[in-house]
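The values are calculated or read from the model by the stated rules, or taken from the named source; none is laboratory data. Note that the structure is a prediction, hence the values are computed from the model and not measured. Glycine also receives a Cβ, built like all others from the backbone with ideal geometry; neighbour counts cover every protein chain displayed. For the accessible areas, the whole protein counts, side chains as well, though only heavy atoms, and no ligand, DNA or RNA atoms are used. Shrake-Rupley method; radii C 1.70, N 1.55, O 1.52, S 1.80 Å.
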Amino acid sequence: MKAFRVCIVGGGSTFTLGFLKSFVRLREAFPLKKLVLFDIDSDRQEPIGKYGEILFKERFPELDFSYTTDIREAYEGMDFVFMQMRAGGLPMRAKDEHIPLSMGLVGQETCGAGGMAYGLRSCVDMIKAVHQIRTYAPEAWILNYSNPAAIVAEALRREFPDDKRILNICDQPENVVRSCSRLLQCSWEDLDPVYFGLNHYGWFTHMYDIRTGEDLLPKIREMVARNGFLPQDAEQRDKSWLDTYGMVKTIMEDFPQFLPNTYDQYYLYPEYKASHLDPDFTRADEVMAGREKRVFGECAEVIREGRLGDKFDEISDAHAEMMIKVAESIAYNKNDRHIMIVENNGAIANMQNDAMVEVVCELGANGPRPMRVGNIPQFYLGLLVNQVSCEKLIVDAYFENSYQKALEAFTLNRLINDGKKARKVLDALIEANKGMWPELK
Ligand code: NAD
Ligand code: G6P
Ligand code: MN
């Protein structure tokens, strides 16, 4: 069986340990011969790299594993590049969230003003990184899930229009499917969803039982009304994520037709969310106090002891496993179904062709084949046309260095929705992002 060479960009990410363990767990299904971690921050990456050396010595000694800050070492000869960089790091995420909230607007990683701020930083860093990857690995499959994935996907589509091996994907739709399986007490792989939307802004129209074809969505609707909605791994989640999943019940009371993605809460209830988020302790603060501490604490312990022992089984890893299964589906032309971000081209019949939409795709050695969802109802179309316009305008702002386009994007966004508020928060974010954004004139 062929074995693959993989690079992870953002090797110092809080999600990397999950990948290292999952590459061991999935070594039969997706065999690796070489794994390189790449990061621009060697201090962040080193403990994770050392952890990897200890892990693989114990569980996968034949793997050629290394970590580096050198782009040639990172990319040369790679078959797959997994991208999970955070442009500006968690401290800038904190600003993306705190600045809008201080003005009474939602502050969030990917939605609203904070998402657009992060989007402009990611356009700069992601486009640069993809050019570097293509210098050394012209044929590699690039799997991007660096956020904000919607804006990054649109920017990469424009910068690399002929490159069919850049794929954009997010795990949240699958996480919602997994939550349904928790409710229904079945395996999530027994569920066959139909989904439409943009990244972090979509709905499930059907959730079929893969064996019988029965649509389980009516049953799910009843169960959510009765029992609420929890992530599949609720026992390991922070409070803010439990609150987020809890909002699915509220959304389905108001808009019962479809099952929402959890991120829809920000677009449907922007004022309620802005007034219920803590401006002094946002999700970035919670991540820095929680996941980041846990991950680097685990590294320190393993490095001190020189062994992993039972720590191998501690973290549950739906996220890493999904991304590895995506690579596996390409590598072996499996044509598995994954919900991916692709150019619309008729998948959602009444939306513009060049929108980057999120739909179910069959994924194989020739890339994703999107499955059509037909026309979507006017309410959803209205919401999505508004947001796709916003995403396109912020990417215009990046390519044209245009303050005006950025102001239009901010004004159009449902989480801002006012020209004066838009200008105020945009100006504050320009100040906070000096040197990390393109200059807007
Ligand atoms: P993190 O800050 O812990 O890790 C990101 C790493 O990227 C850091 O080590 C940082 O030094 C590095 N980095 C920053 N700029 C870089 C560059 N230009 N080149 C290489 N490395 C760079 O963040 P995190 O919370 O672990 O998240 C990592 C990323 O993965 C974020 O973009 C997050 O939004 C994304 N993510 C996406 C999904 C999804 O489903 N779409 C799921 C999980 C995480
Ligand atoms: C989900 C989303 C991602 C997001 C991740 C982590 O998986 O799909 O886009 O980055 O959650 O979010 P967090 O707030 O925990 O860092
Ligand atoms: Mn996501």
For this session: Could you tell me, in Å, what Rg and Dmax come out for the Cα atoms of region 1-60?
Result: 11.3, 36
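Using the Cα gyration tensor of region 306-429, with a ≥ b ≥ c the square roots of its eigenvalues, what is the shape: rounded (a/c below 1.5), prolate (a/b larger than b/c) or oblate (neither)? Don't skip to the answer; put the middle values down first.
Details: a/c = 2.55, a/b = 1.45, b/c = 1.76.
It comes out oblate by the Cα gyration axes.
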Seminar exercise, completed: Projected onto their principal axes, the Cα atoms of region 179-333 stretch, largest extent first, over whole-Å spans of 53, 47, 28
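I need to check one value: relative contact order of region 204-342, counting alpha carbon pairs closer than 8 Å and at least 6 residues apart, in percent.
The normalised contact order for region 204-342 reaches 15 percent.
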Problem set entry | Given charges at Cβ of Lys, Arg, Asp, Glu: the chain dipole, positive-most of Gln387, Ser66, Pro161 | Pro161
For this session: Quote the convex hull volume per residue of region 381-433, based on C-alpha atoms, as a whole number of Å³.
Result: 65 Å³
Problem set entry | Listed residues Ile430, Ser402, Leu415: farthest to the positive end of the dipole of region 381-433 (Cβ charges) | Leu415
For this session: Would you list which lysines come within 19 Å of Lys128, measuring only between C-alpha atoms, while excluding same-chain residues fewer than 8 positions from it?
Result: Lys164, Lys434
Exercise. Label points 7 Å out from Cα along the Cβ direction at Lys33 and Phe379: separation in nm?
Worked result: 5.4 nm
Exercise. How big is the chain by Rg and Dmax over its Cα atoms, in Å?
Worked result: 20.9, 60
For this session: Summarise the accessible area of the chain (1.4 Å probe, protein heavy atoms) by the percent that is carbon and sulfur.
Result: 48 percent
For this session: With all protein chains present, calculate the accessible area of Ser102 using a 1.4 Å probe and round the result to the nearest 10 Å².
Result: 90 Å²
Problem set entry | Signed unit charges on C-beta, dipole axis of the chain, positive-most listed residue Pro218, Ile330, Val176 | Ile330
Problem set entry | Span per principal axis, largest first, for the Cα atoms of region 234-323 (Å) | 53, 31, 21
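Exposed loop sites here are chymotrypsin sites (Phe, Trp or Tyr not before Pro) in DSSP loop states with at most 16 other C-beta atoms within 10 Å. What is the longest stretch of the chain lacking them?
1-280
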Problem set entry | Whole-number accessible area per residue in Å² for the chain, which is evaluated in the context of all protein chains at 1.4 Å | 40 Å²
Exercise. So how much accessible area does Ile151 have, in Å² to the nearest 10, using a 1.4 Å probe?
Worked result: 10 Å²
Exercise. Which of the aspartates and glutamates could be linked to Lys2 by a straight reach, that is with a Cα gap under 16 Å, when you skip same-chain ones fewer than 8 residues away?
Worked result: Glu28, Glu62, Asp64, Asp79, Glu328
Seminar exercise, completed: With the 8 Å Cα cutoff and a minimum separation of six or more residues, region 381-433 has a relative contact order in percent of 27 percent
For this session: Over the chain, calculate the relative contact order: mean separation of alpha carbon pairs under 8 Å at least 6 apart, over the residue count, as a percent.
Result: 18 percent
For this session: Would you give the gap between the C-alpha center of region 288-309 and the C-alpha center of region 144-188, rounded to a whole Å?
Result: 28 Å
Exercise. Probe 1.4 Å, all protein chains in place: accessible area of Glu222 in Å², nearest 10?
Worked result: 110 Å²
Exercise. Considering the zone a paramagnetic label at Ala225 would reach in this model (a point 7 Å from Cα along the Cα-to-Cβ line), which residues of region 191-218 have amide N under 16 Å from it?
Worked result: 216-218
Exercise. Charges only on Cβ, +1 for Lys and Arg, -1 for Asp and Glu: so what's the dipole of the chain about the Cα centre, in debye to the nearest 20?
Worked result: 320 debye
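Give me the compactness ratio for region 227-281, meaning the Cα radius of gyration over 2.2 N^0.38 Å.
Details: Rg = 11.6 Å, N = 55, 2.2 N^0.38 = 10.1 Å.
That works out to 1.15 for region 227-281.
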Problem set entry | Spatially proximal aspartates and glutamates relative to Lys273 (Cα-Cα < 13 Å; intrachain offsets below 8 disregarded) | Glu97, Asp243, Asp264
Problem set entry | Between region 367-401 and region 314-361, the Cα center-to-center distance that results, in Å | 16 Å
Seminar exercise, completed: Once Asp243 and Lys420 are pulled to full extension, the length gained, defined as 0.36 nm per residue separation minus their Cα-Cα distance, is 60.7 nm
For this session: Only helices at least 24 Å long along their axis, Cα-based, and averaging 0.0 or more on Kyte-Doolittle count here, so list those DSSP H runs from the chain.
Result: 112-136, 378-400
